[in-house]
Each structure stands twice: as C-alpha cells, then as structure tokens.
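Data block below; observations after.
Coordinate-derived values only; no laboratory data. Because the structure is a prediction, the values reported are computed rather than measured. Cβ: placed from backbone, ideal geometry, glycine included. Neighbour counts: every protein chain shown.
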Amino acid sequence: QVQIVESGGGLVQTGGSLRLSCVVSGRIFSISAMDWYRQAPGKQRELVASINTGGTTTYGDSVKGRFRISRDNTKETVYLQMNNLKPEDTAVYLCSARPKFSARDYWGKGTQVTVSS
C-alpha cells in the first residue's frame, strides 16, 4: 500500500526558510517522478517543483531561484528547500508521486506553510 506523508511546514516570517520533507512508502519511490504542489485558499492548485527519476528538476516561475527540490532514493524521501519566503507562498504544500507504468498518481495530505509579513 502506498503512503505519502509530508512534514516540515510551519509559521515563518518573510525572508525566512523552511525545508519540507515527503516520505513515500510502498516501493514506488525509485520509479516515480515527484512533484510538490501548493494550494492556497481561493486559488487553483499550483505546481511548485518537480524532479524526475534521473534528478532533473523543474520549477514554477514564482519560486525559481528561491526553492530547491531534491530527492534521496535511499530514504525514499523528496525535499523542498524554501528560502526567502514571501507571504504569497502561504499555502498547503502537497507531495505527489507519479510512478512509471502506472495509471494513477499518489498524493499526501499536505503540510501547511504560513509566511507572516
């Protein structure tokens, strides 16, 4: 059974940093591209960053240069390092796994990030 659990969210001041973690169980991590999304109240879900199985990364325009996604296959964990946080980064951050050869994606429940001005 696949489980995805995010952690590391919290309250931080503008300009601060947080590191989010996403642990994936169920033996799919090594074959999965991993995504971080965020969902703010009243806004559409936004793709923040992605990393494929080879380590290639992509970022949303709003976070380029401030956020960094990485993965540790030995720990079956993907990270999102967030620096120079802004109030507009406030959202629930969700982790998603996209396994190769699978018809579905898997999602965690999210972790709340709040940036105070």
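Determine, from the Cβ-Cβ distance of ASN84 and VAL2 and an R0 of 30 Å, the FRET efficiency 1/(1 + (r/R0)^6), rounded to the nearest 0.05.
Numbers: r = 33 Å, r/R0 = 1.11.
Step by step, r from the Cβ atoms, then E = 0.35.
Relative contact order, percent, of the chain when contacts are C-alpha pairs under 8 Å separated by at least 6 residues?
Numbers: 291 pairs, mean separation 42.5, N = 117.
Dividing the mean separation by the residue count of the chain yields 36 percent.
Computed from the Cβ-Cβ distance with R0 of 35 Å, the FRET efficiency linking SER25 to SER117 stands at 0.40.
For the chain, the number of Lys pairs separated by eight or more positions or lying on different chains, with C-alpha atoms closer than 22 Å, is 7.
Quick check for me: using +1 on Lys/Arg Cβ and -1 on Asp/Glu Cβ, what's the dipole size of the chain about its Cα centre, in debye to the nearest 20?
Values: 15 positive and 9 negative charges, 28 e Å.
Its charge dipole is roughly 140 debye.
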